[in-house]
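First comes the structure, then the notes that go with it.
FYI, it's all coordinate maths here, none of it is from the lab. These numbers were taken from a predicted model, which means no experiment stands behind them. Please note: Cβ atoms are built from the backbone with ideal geometry, for glycine as well, and neighbour counts cover all protein chains shown.
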Number of protein chains: 4
Amino acid sequence: MDETTEDQASPEMRARIRDSFERQGLMRHLGARLTHIAPGRVHIALPNRPEVSQQHGYVHAGATSAIADSAGGYAAFTLFPEHASVLTVEYKINLLAPAAGEYLEAVGEVVKPGRTLTVCRLDVFGVQADRRTLVATGQQTLICLADTPDR
Amino acid sequence: MDETTEDQASPEMRARIRDSFERQGLMRHLGARLTHIAPGRVHIALPNRPEVSQQHGYVHAGATSAIADSAGGYAAFTLFPEHASVLTVEYKINLLAPAAGEYLEAVGEVVKPGRTLTVCRLDVFGVQADRRTLVATGQQTLICLADTPDR
Amino acid sequence: MDETTEDQASPEMRARIRDSFERQGLMRHLGARLTHIAPGRVHIALPNRPEVSQQHGYVHAGATSAIADSAGGYAAFTLFPEHASVLTVEYKINLLAPAAGEYLEAVGEVVKPGRTLTVCRLDVFGVQADRRTLVATGQQTLICLADTPDR
Amino acid sequence: MDETTEDQASPEMRARIRDSFERQGLMRHLGARLTHIAPGRVHIALPNRPEVSQQHGYVHAGATSAIADSAGGYAAFTLFPEHASVLTVEYKINLLAPAAGEYLEAVGEVVKPGRTLTVCRLDVFGVQADRRTLVATGQQTLICLADTPDR
């Protein structure tokens, strides 16, 4: 798995996001981890294990979506003011290929930032050795709750 | 939590779906369970625990989506021929309210069955004592893989 | 085509919505008309003519979506405060069957009203004599712009 | 408006798509025209006129979506076998900014081609002199109907 790289993001922002991520019980329970934090862009990796599978042994669409949703949420969060909080309004995701590989990597990227609403693109890759396959792609709308600290 | 009710579905169909569900490692890992199987309609319940939470303590959108996706998938599956398999093509979900309560219940229901594609409505309720609150609603497209046994 | 029925909506609300609808050049150009205005629910009918067709002679998904989007937008608008305006944030629509019939009728209905965001369900029917066929179904998110008069 | 460029696409493919587009009564009625045809990528331009407006004078979300849907449909169609036809299964679109400018340009691009289902990305730009603004972005699923000629 790639080493964590956090180019460009300030230490404060990184700390805020790592702290928030660690309070997401689901991410810990699934075994997901933050692998990249940059302004408007966050990556989350999920090792492929039986605990995240569907009935054919691939990663379940729900687990694929969960890391995509969190990656997009934190990508938006990197651009929010300090005392704000983020909520997912909605998202849509296409499952493009069987989610296989050693691990999945979700990439959340801000397409359109906004004071109230932010729109992200979500891409999830299956990674096996040097090969990355796009297994899901989506689009997400997030809302910034001003003056609602994340914790 | 409601007692399991499986009105209308044949014993064979119920067995096929229970068997498939039990092979979904993610559902077991999240603690989800099938609570209703009827032709074109499946319910899945998810107890609210720290292992499925987001950073504010509510159920994570990813966990909410995961049970919604499985409920819709199995709702479609109830209408498929015997030796077919089901895959999610895509879904879209709106998170309407904080996902709170003792447990969530996802209801997947077929809106339009088809030989190749089936469209489902997805609703997720937060249940606290006698009170049910709609916390998410979505729409899903599934594909029937003929002659591709589910196991 | 059904007679216009406007049960329950106040004369002021009906006037506001009819006035806004008439300023939608696209609705006039397509030949669409408002057929029902109630709190949280609006219908729009579109006669089937060559001007709204796709390449096989059915109504184009774009025209089907256009009346669905307007129906949902005005359904939300019926619940907004007096000096507010409505904008579509996003929508998703499944085309379920060939859009045929003498006319289409789009039904926009509020699923979850909110101070900032409102979520609607969108259904479009093809109507031929007494027969109504569901040809499209969707889900839409709208935003209320407070203190931004619609005109 | 940009000159039509049709790099890479074969004359037969261009003819098939132009012929199909011309049978879309809606595109003609809206004043839309094909401005680019390449394998897996099609552009459609829509001049901004009162006939395509919403109540505030911007281009209506329905017109924006209509050209996005057609652009994605024809982008998929460029990759289909000769005697096949294309239908939109579903799409989701976010309206990101007021759709203003002299004209809109929709860009449909295949993200994942497939024998049965193809997934496209949809982007719509508002163009004013040299300035292009992303006004909408979406994601679309299309189905290939084999042995179903487009006309």
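Starting from the Cα gyration tensor of segment C:1-77, take the square roots of the eigenvalues, sort them a ≥ b ≥ c, and report rounded, prolate or oblate (rounded when a/c is under 1.5, otherwise prolate if a/b is larger than b/c, else oblate). Because a/c hits 1.5 or more and a/b exceeds b/c, segment C:1-77 counts as prolate. Residue-wise HN-Hα couplings along segment C:62-76, as the Karplus relation 6.51 cos²θ - 1.76 cosθ + 1.60 with θ = phi - 60° gives them from phi, are x, 6, 4, 5, 4, 6, 5, 4, 5, 4, x, x, 6, 4, 5 Hz; Gly and Pro carry x. Between B:Thr88, B:Ala15, B:Val124, the Cα set farthest toward the positive side of the dipole of chain B (charges on each charged residue's Cβ, about the Cα centre) is that of B:Thr88. Dividing the mean sequence gap of close Cα pairs (under 8 Å, 6+ apart) by how many residues segment C:47-99 holds gives a relative contact order of 35 percent. Among the GluC sites (Glu not before Pro) in segment D:100-151, those located in a DSSP loop and surrounded by at most 16 other Cβ atoms within 10 Å of their own Cβ are D:Glu102.
Sequentially through segment B:139-151, phi angles give Karplus couplings (6.51, -1.76, 1.60; θ = phi - 60°) of 9, 9, 10, 10, 10, 9, 9, 5, 6, 10, x, 5, 9 Hz, Gly and Pro residues having no value and appearing as x. When the helices of chain A are scored as -39500 (n - 2.57) per DSSP H run of n ≥ 4 and the total is divided over every residue, the value at 222 nm lands at -7000 deg cm²/dmol.
Quick check: net charge around B:Val135, other residues with Cβ under 14 Å of its Cβ, Lys/Arg +1 and Asp/Glu -1? Result for the neighbourhood of B:Val135: -1.
Taking 7 Å steps out from each Cα toward its Cβ at B:His83 and D:Arg28 produces label points 4.9 nm apart. Of the trypsin sites (Lys or Arg not before Pro) found in segment A:103-146, those in coil by DSSP whose Cβ has at most 16 other Cβ atoms within 10 Å are A:Arg115. Each residue of segment A:123-130 is assigned a 3J(HN,Hα), and the resulting list reads 10, 10, 10, x, 10, 9, 6, 8 Hz, derived from the Karplus form 6.51 cos²θ - 1.76 cosθ + 1.60 (θ = phi - 60°), x at Gly and Pro.
Note on the protein assembly as shown: with charges restricted to the Cβ of Lys and Arg (+1) and Asp and Glu (-1), its dipole about the Cα centre is near 0 debye. Label-to-label distance for D:Arg49 and C:Arg151 is 2.3 nm, based on points extended 7 Å past Cα in the beta-carbon direction.
Look at the stretch C:132-143: the mean tally of other chain Cβ atoms within 10 Å of its residues' Cβ atoms is 4. Across every pair of different alpha-carbon atoms, what Kirkwood hydrodynamic radius in Å does segment A:78-151 reach? One decimal place: 13.6 Å for the Kirkwood radius.
Pair-distance distribution P(r) for the protein assembly as shown, from all Cα-Cα distances in 20 Å bins starting at 0: 21, 56, 23, 0 percent. For chain D, relative contact order (Cα pairs under 8 Å, six or more residues apart, normalised by length) works out to 23 percent.
Segment C:112-132 and segment B:1-74 have Cα centres separated by 28 Å. Give me log10 I(q)/I(0) at q = 0.09, 0.22 Å⁻¹ for segment B:11-146, Debye formula, one equal scatterer per alpha-carbon, no solvent. With no solvent term, the Cα-only Debye profile gives -0.24, -1.29.
Qualifying chymotrypsin sites (Phe, Trp or Tyr not before Pro) in segment B:61-91, where qualification requires a DSSP coil assignment and no more than 15 other C-beta atoms within 10 Å, are lacking entirely.
Across segment C:74-119, how large is the tail of the calculated P(r) beyond 13 Å, expressed as a percent of all Cα pairs?
Looking at segment C:74-119, the distances longer than 13 Å represent 66 percent of pairs.
Amide H contacts of C:Thr78: C:Gly40, each under 5 Å away and 5 or more positions distant or on a separate chain (H built 1.01 Å from N in the peptide plane; Pro and chain starts excluded). Between this copy and the others, label points of C:Thr148 are 1.9, 4.0, 4.4 nm apart in ascending order, each placed 7 angstrom from Cα in the Cβ direction. Inter-chain neighbour count for A:112-121: the average number of beta-carbon atoms from partner chains within 10 Å of each residue's beta-carbon is 3.
Close amide H pairs (under 5 Å, H built 1.01 Å from N) link C:Ala99 with C:Val59, residues at least 5 positions away or on another chain. Against the main long axis of the alpha-carbon atoms of chain B, helix B:11-22 sits at an angle near 50°. The charge dipole of segment C:11-146, taken about the Cα centre with unit charges on the Cβ atoms of Lys, Arg (+1) and Asp, Glu (-1), comes to about 120 debye, rounded to the nearest 20. Across peptide B:93-99, the average count of Cβ atoms from other chains found within 10 Å of a residue's Cβ is 6.
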